[in-house]
Amino acid sequence: MSGWTETTLRAAASWQAFKEGKSLFETGMVADVLAGGSGWQGTVRMGKRLMKVSVAVKSATNFETRCPCPDNQRSGAVCCHAVATGLAAISKPPEKPAAPAISQKSTPAPATSVPWQVLLPLNWRDALKRGKLAATLATAKDAEISPADDRLCVWLAKEGVAKKEILSINIDGQRTSSFLEAIAEHPRLAVGKERLLIQIRSGERLRLAGAEQAKGEILLIPDAELGPWVEISGSFWQIGEGSVIRVGEGKIPGEIATALTELAQGKSVNLPTPHFFNQLHVWQEWLHFPADSWLESLHFLPATANFELSLEGSLEHLEAQLSVRYGSAPPVPPGLGKVDGLPKLIGDHCEIRDLAKEEKAASRLSRAGFEVENFSSGRWVLKGETAIIDFLTRSLPALRNEWSVTEGERFGHVQKQVAVVSPKIEIIGSGEDWLSFDLSFQTNDGIEVSAAEVRNLLRAGKGSGKGAGGKRLVISDEVSSVVNPMFADLDLQQENGHFVASARSGEIIREIRNKINKSIDSNDLKPHFSFDLPATLHAELRPYQSLGAGWMLDRVQRFGGALLADDMGLGKTIQTIALIERLFQKDSPDSGVVMVVATASLLGNWRAEFSRFAPARRVRILHGAARDSEREKIQSGEVILTSYGTLARDLAYH
């Protein structure tokens, strides 16, 4: 099996989900797992319930997860059950590497779990300080089985303890630490005959009193007020009056083990700054930095990521190698590996990997149809002539402009067999209310293709066909998705062999030409549409709302209309009202009346929003039996609200 690793799982999941998932895996809660090259599916035991989870791995940072748990159902995030089954899938190498999928079993859980009552003796604190512990376990009748009960049953099975209604155990050393892990967060954990409840938990971060930076070193100072940490078989625990808390979970990473041990013993630690930042992600999982420390106020900024893509293959099978490079450091696959020199402290900010940009880069290959073949090397594969030609003609040109693309000899030969047909628009002349232009088609190597041949391919529903020279002609995206449908809807005429468009259609022709010629400058890539708030608008627009209103105003003035699509709750109504108020400020040759058409149930809401944001604007509702008399009162400068059904019936009046 190739693909995800514990590192990729840690990056894809939240810190809490990874922590809980790793605990589920280590305590044997994964009942079964089936793994393949592009994901896995498995089952996690949660009390009496079985959580069935499936994960499709799209890239090193994109794990498409389906699980019935609330966390996944609410946000689609990688949940603890996905982490647990993913760790189980990579815990053992496949027995038959050639097989498409293998079934693996994690540490087997008992066939049935039982609810336990865990009782510790009164001297439990003194015993723990010596690394020992005694406990009595009794089945709790009519109690619900908790995850801690599951873990405890697994622990008993591993230790070879036969289940009875009442068990007495005496443990020391490593067994003490693993027992405490098993009963962490147990709901029925008590002390003595009075059954005083206590709490055991793990995953706590060791609290620091200070973290200072000077002369190329980082000084970490433990918080002495929290008392000593007791070492039990390589892990550190804090024993309080009614609680036992462990630093972290699992084995302490070797790269920080020595320093963490000294901190747990109450000693301050000096670390070279580069060494500290190289392990910053590990330290942040094991240490709690003070809120007023320089580290907490440090600005973390993404470093410049440069992507490198190498391509080799044929029209049937194309391999891609995607990597990201930061400065002079060796390249690594997106979302994986360790970048030398990052994080890097520069003055009052720290440069880190731009993982969001790396994820977007991987997503671009995924959207183009590539599938991950091997995460650890960053190798992707695209299969099928149709998919490869589509990538060659649609996605690759943009990638060449943004990434460093290296193309192998075989793939270079493939491209010589394909000719991409693109449109060419040449402006002949223009006037106040007209624009004249020519439209022609040519391949990427400069060969003219007749409009009739292009139309024949489009009418036949084909995106490609054989040309006169034996090359495969591929219709570019500009022809099939922009030029052809737009020309079908525009008001165009032909005079003396040239196309003639009205002024408004001419604006659209210019936009299409700019897109085709790739003549959009950096300002157009991130457009800024200024919008002066009308005096009649009683609202302050957020920056993105001001941008939206300005964009709509520009489109309405140039093209006669606009379509604003956005998520619910982001203010499409206020942007539209702002646009309407802005239009009323301008001289217009029309009637000076604005009509808003909405579903009947929202007419009252629109009136209320106008009353709130533009209280001076007169608003009339044309709906119901009284609309005829209301229509006669309409004057310039007013807004009328009507429904779709009413508009269709009263179309003659408008």
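Values quoted throughout were computed directly from the atomic coordinates according to the rules given, and no laboratory measurement underlies them. Every value quoted in this text rests on a predicted model; they were computed, and no experiment measured them. With ideal geometry, Cβ positions are generated from the backbone for all residues, glycine too; neighbour counts draw on all protein chains shown.
Within the chain, what percent of beta bridges assigned by DSSP are antiparallel, to the nearest 5? Roughly 75 percent of the DSSP beta bridges within the chain come out antiparallel.
One decimal place: the segment His288-Trp434 gains 45.7 nm when fully extended, by the rule 0.36 nm per residue minus the C-alpha distance. Got a sec? Charge dipole of the chain, +1 on Cβ for Lys and Arg, -1 for Asp and Glu; which of Leu382, Leu579, Ala31 is way out at the positive end? The residue sitting farthest along the positive end of the dipole is Ala31.
What is the dipole size for the chain, taken about its Cα centre, with +1 at each Lys and Arg Cβ and -1 at each Asp and Glu Cβ, in debye to the nearest 20?
Working: 75 positive and 78 negative charges, 375 e Å.
That gives a dipole near 1800 debye.
Would any residue of segment 256-297 have its amide N under 16 Å from a label point 7 Å out along Cα→Cβ of Ala329? List them or say none. Residues 273-283 qualify, since their backbone N sits under 16 Å from the label point.
If R0 is taken as 35 Å, the Cβ-Cβ distance between Tyr644 and Asn444 corresponds to a FRET efficiency of 0.15. Give a quick list of trypsin sites (Lys or Arg not before Pro) in segment 1-92 that DSSP marks as loop, anything other than H, G, I, E or B, with at most 13 other Cβ atoms within 10 Å. Of the trypsin sites (Lys or Arg not before Pro), the ones in loops of segment 1-92 whose Cβ has at most 13 other Cβ atoms within 10 Å are Lys48. What number comes out for the charge environment of Asp340, summing +1 per Lys or Arg and -1 per Asp or Glu over other residues with Cβ under 12 Å away? Around Asp340, the charge tally is +4. Remark: the Cα gyration tensor places segment 278-423 in the prolate category, a/c being 1.5 or greater and a/b exceeding b/c.
For a Förster distance of 51 Å, can you work out the FRET efficiency between the beta-carbons of Val161 and Asp340, rounded to the nearest 0.05? If you can, show how the numbers build up before the last one.
On the way: r = 49 Å, r/R0 = 0.96.
With R0 = 51 Å, the Cβ-Cβ based efficiency is 0.55.
Relative contact order for segment 3-68: 25 percent, from Cα pairs under 8 Å spaced at least 6 residues apart, divided by residue count. Quick check on segment 201-265: take the gyration tensor over C-alpha atoms, sort the square-rooted eigenvalues as a ≥ b ≥ c, and tell me if it's rounded (a/c under 1.5), prolate or oblate. It comes out oblate by the Cα gyration axes.
Full extension of the chain between Ala565 and Ala214 yields a length gain of 121.2 nm, computed as 0.36 nm times the residue separation minus the alpha carbon distance.
Note on Leu280/Thr139: beta-carbon distance plugged into 1/(1 + (r/R0)^6) with R0 of 51 Å gives a FRET efficiency of 0.65. Rounded to the nearest 5, the antiparallel percentage of DSSP beta bridges internal to segment 202-327 is 90%.
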